[in-house]
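Novice: Take a look at the following structure, please.
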């Protein structure tokens, strides 16, 4: 029985059919693995049980010196009410240490469900622009003009909307900025 196809053409069709099936199975397994890792990361981000600290990654900074900018997002969490996300690094923590170059700038964004007032509590004087972050998405900027160690915190206001519940006492947010000469 001759179908008019060479052995090579038959082989190519079989590889194409089976190859697609294998690729679909591998893609499905990859999606399941990514979903499982995302769920695990979300579960861990809301389960801070103690005063953890997040530090800005410094591997690249060691070779080139400290960066001139950094960012912090204040996020809402179920356990402890709010947390700090430094330069997008998860999971967050109630305390953060950041290293900057002299003249460097810290950008703070309030993504929490309550207002926050950014307050300097230690170190050389640093100008704070828009300290009152009275709504979600509000931003504040701090410039660190001289070398030294600066301490910042926030004073949290009341929740924006009723019905938001948290577990345990509210975290006290603490930011330590070490500025190199």
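Novice: Output the peptides 93-102, 26-35 sorted from most to least packed, where packing is the average of other Cβ atoms within 10 Å over each peptide's residues. Walk me through the numbers on the way to the answer.
Specialist: Values: 93-102: 20.4, 26-35: 10.0.
For the peptides 93-102, 26-35, the packing ranking is 93-102, 26-35.
Novice: With only alpha-carbon atoms in the gyration tensor, what are the semi-axes of the equivalent ellipsoid for the stretch 77-152, in Å, largest first? Write down the numbers at each step before the final one.
Specialist: Values: eigenvalues 95, 43, 23 Å².
Taking √(5λ) for each eigenvalue gives 22, 15, 11 Å, largest first.
Bear in mind that the values in this text are calculations on the coordinates, not laboratory data. Remember, it's a predicted structure, so these values are computed and weren't measured experimentally. Virtual Cβ from ideal backbone geometry, glycine too; neighbours counted across all protein chains shown.
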